């Protein structure tokens, strides 16, 4: 049984507790109001997409003879845009939902598609997102495309700002609006993030809510190594474990006995005995600490106490990035190639068994075949060149 079958209150409490503990350790917040986010949304022209021509998905990697390459427009049954959602914590946001061509008489999976910084894909859902929804439907999966509740100081919707807040909101969205839908399978939830959305998956969602990643995760043009997130989370867990452990009373007993012996030695005028008591007490405390450290690893170590994290070890995690996506483009200064390489290596070192990385030769930040990548991930046919040998150095030119 999936850990998603835990009580809703328990799941939300776990997410809220993790968010509260890590708020000060994660990226800074900018205090943007929901009114600002809504104003930004209103400035865009989602409604114009309703009248857009049918999407042709060739630019997103689908062959021209693939029946999914012309999924149709956004009008009609099975496409709902801009659905509002308010989480239990009071955070407001919206999302698109694609259920077109999904058979709800059979088990239904979920693809959660997270936009990049600025939310271009969200504001223009008739393009790449429509094609990815067609791919999802071919695997009998709905596609959910939420809009980040957080915006930067410049008014850009960005997932990796206010990470705990965004984890709480998107978790609540799934538990409240999506998982209760007919025949939705909680053990088949996939996450797909592009650029900043990929960063949110690796920096926020997986460390704070791994129980939501039951099918797999696909990071497109991003998805770096969340070292600081895990260090802060593990330090908090280690501290809580120590406070609740059986070793604390033992340490307190040593301190109390040492205090009594020291008082008696001082009253008897025996300074040597006083020092001996202090030495013995220090040795006893060190021994307790040594035993405790074998049970509760130090901050920064992997503290695998969550069953969801153990289940995550076998969940497919795939990175796809272009070899030209190295931050040298003035319109894409983020080095997504390095982030993807470091992210894949980080999770591989943490014991995730099914980590793959595809580096697409000649592609940049804006021309990834996103629909084809999603299809390959869902069918388990992705290429993995993360462990390939580096290209040989060119032979030096002969001396004339």
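Here are the numbers:
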{"quantity": "Of residues in region 80-130 being free of Cβ contacts under 8 Å to residues at least 24 places away in the same chain and outside any loop (DSSP other than H, G, I, E, B), the one farthest from residue 162 (Cα to Cα)", "calculated": "80"}
{"quantity": "Residue within region 110-124 that is over 23 Å from residue 62 (Cα atoms) and in contact with a helix residue (DSSP H, G or I) (Cβ under 6 Å, 6 or more places away or on another chain) present", "calculated": "yes"}
{"quantity": "Of all residues making up region 325-350, the number that are without any contact (Cβ under 8 Å) to a residue 40 or more places away in the chain, outside any helix (DSSP H, G or I) and under 18 Å from residue 226 (Cα atoms)", "calculated": "1"}
{"quantity": "Selected residue [more than 22 Å from residue 190 (Cβ to Cβ) and at pLDDT 85 or above] from 326, 255, 279, 289", "calculated": "326"}
{"quantity": "Filter result for residue 250 (touching a helix residue (DSSP H, G or I) at 6+ places or on another chain (Cβ under 9 Å), modelled with pLDDT of 80 or more, outside any strand (DSSP E or B) and farther than 25 Å from residue 169 by Cα)", "calculated": "no"}
{"quantity": "Residue check for residue 381: farther than 21 Å from residue 207 by Cα and either assigned to a strand (DSSP E or B) or touching a helix residue (DSSP H, G or I) at 6+ places or on another chain (Cβ under 9 Å) (or both)", "calculated": "yes"}
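Residues checked against (1) modelled with pLDDT of 95 or more; (2) closer than 27 Å to residue 365 by Cα; (3) outside the structural domain of residue 360 (by TED's automatic domain parsing):
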{"position": "182", "(1), (2), (3)": "yes, no, no"}
{"position": "185", "(1), (2), (3)": "yes, no, no"}
{"position": "188", "(1), (2), (3)": "yes, no, no"}
{"position": "191", "(1), (2), (3)": "yes, yes, no"}
{"position": "195", "(1), (2), (3)": "yes, yes, no"}
{"position": "199", "(1), (2), (3)": "yes, yes, no"}
{"position": "222", "(1), (2), (3)": "yes, yes, no"}
{"position": "227", "(1), (2), (3)": "no, yes, no"}
{"position": "237", "(1), (2), (3)": "no, no, yes"}
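The values are calculated or read from the model by the stated rules, or taken from the named source; none is laboratory data. Computed from a predicted model, the values in this text were never measured in an experiment. Glycine gets a Cβ as well: all are built from the backbone with ideal geometry, and neighbour counts include every protein chain shown.
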